[in-house]
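**Q** One structure follows; several queries about it will come next.
The values are calculated or read from the model by the stated rules, or taken from the named source; none is laboratory data. Everything numeric in this text was worked out from a predicted model, so none of it was measured. Cβ atoms come from the backbone with ideal geometry, glycine included; neighbour counts cover every protein chain shown.
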Amino acid sequence: MSDFLIPQFQWNSLSYLTSRAGRVGTQELTELMESESLTRNHFTIVCALAEFGGMSQNDLAQRSNLNRGHLVAYLDELAGRKILERSVDPADRRRNIITLTEVGKKFTAKAIAAAQRSEAEVFGALDAQQQETLRTLLQLVVSTDGEAR
């Protein structure tokens, strides 16, 4: 049984346990984003730009798995904070390329570090092999719901 009292259903529920681990494992990131009046969706956007480089809004919507309509508002907020910038695509002047600014690169590094610290704390109860097994299993589950990498 757990060290804290929760109903048996939750203690045995994979959905509940992964959700709770996710909340605790992203606590520092969530606090950082909230202190900046930003959301996890903003974090997803800056991570996609950091990993894949500048891209069109359509590509960014696809890479971040965000609705294109909602994406525009997130981009406006991030641009207003000088975290990203839009520039005309020289190959197709009808579209913009979204890139991180230097401020955005620093912010992204800070946010990723916060996420990594929380995750290390939560999953530190597992050894490296157990963490990799869990990661592989969760990736398998997520890939079956249409969010495959």
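**Q** Counting only residues that are closer than 20 Å to Ala21 by Cβ and among the hydroxyl-bearing types (Ser, Thr, Tyr), give me the helices (runs of 4 or more DSSP H) lying completely in the stretch 31-149 with at least 1 of them.
**A** Filter on the stretch 31-149 gives 40-52, 102-123, 128-143.
**Q** For the structure I just gave you, tell me whether Glu102 is charged (D, E, K, R), at pLDDT 95 or above, surrounded by 16 or more Cβ atoms within 10 Å (Cβ to Cβ) and over 21 Å from Arg117 (Cα atoms). Give the steps one after another, and end with the answer.
**A** Working: charged (D, E, K, R): yes; at pLDDT 95 or above: yes; surrounded by 16 or more Cβ atoms within 10 Å (Cβ to Cβ): no; over 21 Å from Arg117 (Cα atoms): yes.
Judged against the criteria, Glu102 is not a match.
**Q** Ok, one more. Scan the stretch 52-98 residue by residue and report those that are surrounded by 15 or more Cβ atoms within 10 Å (Cβ to Cβ) and either among the aromatic types (Phe, Trp, Tyr) or touching a residue at least 60 places away in the same chain (Cβ under 8 Å) (or both).
**A** Tyr74
**Q** Of the conditions (1) in a strand (DSSP E or B); (2) modelled with pLDDT under 95; (3) surrounded by 13 or more Cβ atoms within 10 Å (Cβ to Cβ), Trp11 satisfies every one except a single condition; which number is it?
**A** Going through (1) in a strand (DSSP E or B); (2) modelled with pLDDT under 95; (3) surrounded by 13 or more Cβ atoms within 10 Å (Cβ to Cβ) one by one, Trp11 breaks only (1).
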